[in-house]
1. Could you report the chain's accessible area per residue, 1.4 Å probe, as an integer in Å²?
2. Can you give me the long-range amide H partners of Ala309? Hydrogens built in the peptide plane at 1.01 Å from N, cutoff under 5 Å, separation of 5 or more residues or another chain.
3. Could you go through the stretch 272-287 in sequence order and give the Karplus-derived ³J(HN,Hα) for each residue, using 6.51 cos²θ - 1.76 cosθ + 1.60 with θ = phi - 60°, rounded to whole Hz, and x for Gly and Pro?
4. Got a sec to turn the phi values of the stretch 218-234 into Karplus ³J(HN,Hα) couplings, 6.51 cos²θ - 1.76 cosθ + 1.60 with θ = phi - 60°, whole Hz, x for Gly and Pro?
5. Can you tell me, using C-alpha contacts under 8 Å and at least 6 residues apart, the relative contact order of the chain as a whole percent?
6. 222 nm [θ] for the chain, helices only, -39500 (n - 2.57) per DSSP H run of 4+, per residue, to 500?
7. If amide hydrogens are placed 1.01 Å from N in the peptide plane, which non-local residues have theirs closer than 5 Å to the one on Gly260?
8. Explain nothing, just compute: Karplus ³J(HN,Hα) = 6.51 cos²θ - 1.76 cosθ + 1.60, θ = phi - 60°, for every residue of the stretch 335-344 in order, whole Hz, x for Gly and Pro.
Amino acid sequence: MSDLENRTPSHPGRRAVIVGAGIAGMATALRLHRQGWDVVVVERAPSRRSSGYLLNLHGPGFSAAERLGLVPALTPRDIGFFTSILVHADGREKFRLPAAVTEAAVGSRALSLFRGDLESALYDAVAGQVDFHFGTTVQAVAQTPADVVVTLSDGTPLQAELLVGADGVHSRVRELVFGSESDHLVDLGHMVGAFPLETLPEQVPEGFGSTFIGPGRTAAVMNLGPERSSAFFAYRCTDPGGDLALGAAPALTQAFGDLGGGVADALRQLETSSDTAYFDSVGQVVMDHWSQGRVVLLGDAAWCVTVFAGYGAALALDGADRLGTALTEHDHIPTALATWETSLRPEVRKRQALARKGISRFAPPSRAHVWVGEQMLRAIQLPGIRTLVQRAIARANN
Ligand SMILES: Cc1cc2nc3c(=O)[nH]c(=O)nc-3n(C[C@H](O)[C@H](O)[C@H](O)COP(=O)(O)OP(=O)(O)OC[C@H]3O[C@@H](n4cnc5c(N)ncnc54)[C@H](O)[C@@H]3O)c2cc1C
């Protein structure tokens, strides 16, 4: 039995409205439901979102999944470690980074999952016990010291003790309660695209990932078998608005169309299935406060650390679990929210700083930076250096 299942319902009859059925929203729904709250989840998408992109949970992210009781459901969906082949622009191999090297660096308490599989595990844990409103958003929020009333896009008013805005980096709850997106979203001048591959990319051997890292950009194509293969692209961009207007397939083809290997194949697949693609500019959400009265933001809506941190899902799980703890310990909601924020802020600040530093790994500023990055990846394979890397990862995870 997980820690969470052992917890006794502490707040029967209290109602929370959660906007967003992503990782943050569903983890919060799970945590609060298990504590005895009556939970309503409002999701703009007409139904549950599917596979998405590949993400890693290790260190505190794995621990949070464990505390939420998710690991048994996630383990069969774990993609595991795989060997990466670093390639030239035309797809020719430069060198390999064996799976065992990554495994030794990251450790065994790690999961590699499609975002949709993590969302499915969360959904399965609350299905039938939490009230989901798909195809719905929030139109207005009004609060008094005693309650918060959320008006949905279909006109339904919902009265609750707590409203959680877990509606992602472009949060509507944030806009309604905390002000305009431009006051909180700091653009990092890069674009990211990631999507599952329905057809296996022939140019990449099965069981391997192929990665090209050049000045200002990274392209990775993973051939891990049916329903496990995907592509990832990150690039520096001076006009993110322009590329967003262009759309995923044309913008990524413009930025990566010259590359060989599996990239051309992945881009061709994107042209016919762009609805499953993630494509957005990279921006961090920076706010002085994550709550106001009975309204709290959680996950990317509050603190988006970006893909360059590789830690947003981990923080969403950890943040949801810690929110549950704070609400158990403090009946007065604003006090619970303030305590929760104090416990989480140092970690978020650290991850945002690491993400800004990490940009140059995904989009090296020059050929010299590419060369230095490659030497570091080659060096990781030397036992002495590997130990140093393991220690650095352990430090970053603590
Ligand atoms: C390519 C990529 C790779 C990543 N890799 C990792 C990794 O390895 N490890 C890691 O820990 N993190 C990783 N991340 C980050 C992680 O995926 C995010 O931080 C995490 O998914 C954020 O979850 P969320 O629930 O806060 O937001 P989201 O996943 O954006 O979910 C928000 C939900 O709210 C819904 N919504 C939006 N607007 C509204 C509205 N107005 N009304 C109602 N519903 C709404 C959306 O449809 C969605 O369901 C990665 C991110 C990307 C893009």
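1. Working: 17000 Å² over 398 residues.
Solvent-accessible surface per residue comes out at 43 Å².
2. Sorted by chain and number, the residues that satisfy this come to none at all.
3. 9, 9, 5, 5, 8, 8, 8, 8, 7, 6, 9, x, 9, 8, 10, 9
4. Calculated HN-Hα couplings, in order: 9, 10, 10, 10, 10, 9, 10, x, x, 6, 10, 9, 7, 10, 9, 9, 9 Hz.
5. Working: 829 pairs, mean separation 83.2, N = 398.
21 percent.
6. Values: 15 runs with 161 residues, N = 398.
Computed ellipticity for the chain at 222 nm equals -12000 deg cm²/dmol.
7. Distant-sequence amide H within range of Gly260: Asp90, Gly91.
8. These are the phi-based 3J(HN,Hα) values: 5, 4, 5, 5, 5, 4, 4, 4, 6, 9 Hz.
The values are calculated or read from the model by the stated rules, or taken from the named source; none is laboratory data. In this text, all values refer to a predicted model and were calculated from it rather than measured experimentally. In this analysis, Cβ positions are derived from the backbone assuming ideal geometry, glycine residues included, and neighbour counts consider all displayed protein chains. Ligands, DNA and RNA are stripped out before the accessible areas are found, and what is left, the full protein with its side chains, is counted by its heavy atoms. Shrake-Rupley method; radii C 1.70, N 1.55, O 1.52, S 1.80 Å.
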